[in-house]
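*Asks:* I'd like to ask some things about the structure below.
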Amino acid sequence: MARDPICGMPLDEKNAKFKVQVRGRTYYFCREYCIHTFLEEKRIAYFSMEIGLTDDIHTYSAGLGILAGDTIRSSADLKIPLVAVSLISKKGYLKQEITREGKQIEHPTEWMPSKFMNELPTQITVQIEDREVRIKAWLYDHQSLTGGLVSILFLDTDVEGNTPEDRKITSFLYGGDERYRLKQEIVLGMGGVKMLEASGFKVRKYHMNEGHSSLLTLELLRKNDMTPDKVRDLCIFTTHTPVEAGHDKFPYDLVQETMGEIVPLETLKALGGRDRLNMTLLALNLSKYVNGVAKRHKDFSMKLFPGYYISAITNGVHSFTWTCDDFRKLYDKYLLGWANEPELLVRVDSIPDEEIWQAHMEAKEKLMDFVSTKTNVNLDRDVLTLGFARRATAYKRPVLLFSDLGRLEEINSKGRIQAIFAGKAHPKDWSGKQLIEEIYGYIAKLRNVIKIVYLEDYDIQMAAKLTSGVDVWLNTPLPPFEASGTSGMKAAHNGVINFSVLDGWWIEGCIEDVTGWAIGPSPKEPIGENERRHRELEDLYNKLEYLIISKFYKKRDNWIRMMENSIGKVAYYFNSHRMMRRYVTEAYL
Ligand SMILES: *Cc1c(COP(=O)(O)O)cnc(C)c1O
């Protein structure tokens, strides 16, 4: 059974009266009007360097890509006219192996686009180092159960006629050097605009998900008589990086060597920064609407870039995707329609406590089974279980829990704990890799006292298992580096309680001892950094010992109340349906 991608009407393919073939696909419609809308309606073109749809499609590395995936899923559910653009990243990001000593080994993850998507006949070119580099595209359609459809174009330079080097521009996600990255960004930004047009997509707005795609503004300048105001009218920019060092910047001699003079150098410097081409600044200068991904991130971004008005649309996660089977069934039973209307989760109190606990225990057991097949460690289903999984990198401070092993053992003697860790380090993030090794060391030291495992090769499926199967989701970023964070929102959808540093989204999500617990003081408290570090550790250990353990083991009713608050006060708001509705009303319209 097909569905009309415009109105959502279910249709029988065999007897369908209205169908069109376009871009190598057949689409079915209920009437002419829907065909016309499908072909002619102007869409939001959403550009992202990475997109995380499924684990088989290796075009993502971490949070940014997952957010892009959730953006697409919610847009399709809500029938928002959107088309996405990314790179094919044919050699993927990395498959992680970890040795017994905790050393990360990276394996390539080449994948076959033709198994999942079809190649468009259309090709375009962009100029790189005086060569016309050919670009083709792969089309992937994500169709929601509601019928709504979002097409995604994955750009690919592995085309006959290109030099062997150019054929590799779209091979490695976040691989290579500065020059390689700039070439990728030329393909994504400038190539993306051209490919959309060549393949028949009409565009009303261009949304840059992070600065990687901001060269699209230059292509738009060219198309619009070099008039910045016309380009601004077309562009929306979401920044994701709260610190100066995180923004992509390219030296102008490299820019000139690589791109030539797409726009006059003086114009480029006026828009993208005097000393180096700053992709964030370029996007800021050429976008009508700019937003950060949490309220605090917006405040920080405005300090980083004085003189620009930046709004805040706090991130969310796709409710259906990140809710495990056991909770889906429960929500279906008591909150019918929740998946496309996550606001209904506010009515969580209509679900009996015992059923919440039952669903949680089932998810927990599935996770324990998964862990034992992966590691041969048998975790205990009745023991308080902490989860920590995300990119392994310094600012996430994955070793904070191990700051005082003696204290941790003492806490464990009051009420047993166990923990599951996971996360990949970028191949060039030496300190991130070091952190994994350190954790392996702590795991070994605590082996006979506290069961802790580190799971290899963190990915979407594992994230879903972890964020639904632990009791407490731990997050200890160093403020203000966590622009938003999203894994805690996934946890909340499954009644898992957050215990996190007050940074990013959690500043908005945390009501102390109601929706979860804070680690460390509010960012508003005027105290020094050393004092802040001290208070974080104090909270981490004290709250674990005196609040969390005792509530888990001795006040189960109270615990379940907090699980319900996670669902009814956190998940009901921190979902990507709410996020996309806000992009529509505040940025796209
Ligand atoms: C959700 C998710 C992330 C982001 O996690 P944060 O804790 O918000 O950084 C990263 N990787 C994967 C695979 C995810 O599913």
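Read-outs throughout are calculated quantities, based only on the coordinates presented, and are distinct from any laboratory measurement. What you see is a predicted model, and the numbers here were worked out from it, not measured in a lab. All Cβ positions, glycine included, derive from the backbone under ideal geometry; neighbour counts span all protein chains shown.
*Asks:* Choose one of 423, 501, 565: the residue whose Cα lies farthest towards the positive end of the charge dipole of segment 319-573 (beta-carbon charges +1 Lys, Arg; -1 Asp, Glu; about the Cα centre).
*Replies:* Ranked along the dipole, the leading option is 423.
*Asks:* Can I ask one more? Could you work out the per residue convex hull volume over the alpha carbons of segment 3-94, in cubic angstrom?
*Replies:* Taking only Cα atoms, segment 3-94 has a hull volume of 115 Å³ per residue.
*Asks:* Need the C-alpha centroid separation for segment 220-252 versus segment 353-394, integer Å.
*Replies:* 43
*Asks:* Give the calculated FRET efficiency between residue 332 and residue 165 to the nearest 0.05, with a Förster radius of 45 Å applied to their Cβ-Cβ distance.
*Replies:* Details: r = 52 Å, r/R0 = 1.16.
Once rounded, the FRET efficiency stands at 0.30.
*Asks:* How far apart, in nm, are the 7 Å Cα→Cβ label points at residue 274 and residue 112?
*Replies:* Placing both labels 7 Å beyond Cα along the Cβ direction yields 5.6 nm.
*Asks:* State the volume of the convex hull built on the alpha-carbon positions of segment 319-573, expressed per residue in Å³ and rounded to an integer.
*Replies:* Each residue corresponds to 119 Å³ of Cα convex hull volume.
*Asks:* Quick check for me: using +1 on Lys/Arg Cβ and -1 on Asp/Glu Cβ, what's the dipole size of the chain about its Cα centre, in debye to the nearest 20?
*Replies:* Dipole of the chain, to the nearest 20 debye: 600 debye.
*Asks:* FRET efficiency for residue 372 and residue 223, Cβ-Cβ distance as r, R0 = 56 Å, nearest 0.05?
*Replies:* Working: r = 57 Å, r/R0 = 1.02.
Once the sixth-power term is evaluated, E becomes 0.45.
*Asks:* Of 38, 24, 9, which is farthest on the positive side of the dipole of segment 1-41, counting Cα position, with +1 on Lys and Arg Cβ, -1 on Asp and Glu Cβ, and the Cα centre as origin?
*Replies:* 24
*Asks:* Can you tell me the length gained on complete extension of the stretch residue 15 to residue 349, counting 0.36 nm per residue apart and subtracting the Cα distance?
*Replies:* Going from the current span to full extension adds 115.7 nm.
*Asks:* Need the list of lysines near residue 19 for cross-linking: C-alpha distance under 22 angstrom, and skip anything on the same chain fewer than eight residues off.
*Replies:* Result set, ordered by chain and number: 42, 79, 202.
*Asks:* Then there's this: Need one number: convex hull volume per residue for the chain, Cα atoms only, in Å³.
*Replies:* It comes to 149 Å³ per residue, whole-number rounded.
*Asks:* If the cut-off is 20 Å between C-alpha atoms, which aspartates and glutamates fall inside it for residue 288, apart from same-chain ones fewer than 8 positions away?
*Replies:* Answer for residue 288, where 20 Å is the Cα cut-off: 210, 219, 225, 229, 233, 299, 586, listed by chain and number.
*Asks:* Another one. Determine the distance separating the Cα centre of segment 475-537 from the Cα centre of segment 290-306; give it in Å without decimals.
*Replies:* The distance from the Cα centre of segment 475-537 to that of segment 290-306 comes to 18 Å.
*Asks:* Can I ask one more? Assuming 0.36 nm per residue, please report the length gained on full extension of the stretch residue 299 to residue 253 beyond their Cα-Cα distance.
*Replies:* On the way: separation 46, 0.36 × 46 = 16.56 nm, distance 3.31 nm.
Gain on stretching residue 299 to residue 253: 13.2 nm.
*Asks:* At R0 = 51 Å, how high is the FRET efficiency between residue 405 and residue 7 if r is their beta carbon distance? Nearest 0.05 is fine.
*Replies:* So the FRET efficiency works out to roughly 0.25.
*Asks:* Using amide H atoms built in the peptide plane, which far-off residues or other-chain residues are under 5 Å from residue 457 H to H?
*Replies:* When sequence neighbours closer than 5 places are left aside, the close amide H contacts are 96, 423.
*Asks:* Which of the three applies to segment 1-41, rounded, prolate or oblate, going by the alpha-carbon gyration tensor with a ≥ b ≥ c and a/c under 1.5 meaning rounded?
*Replies:* oblate
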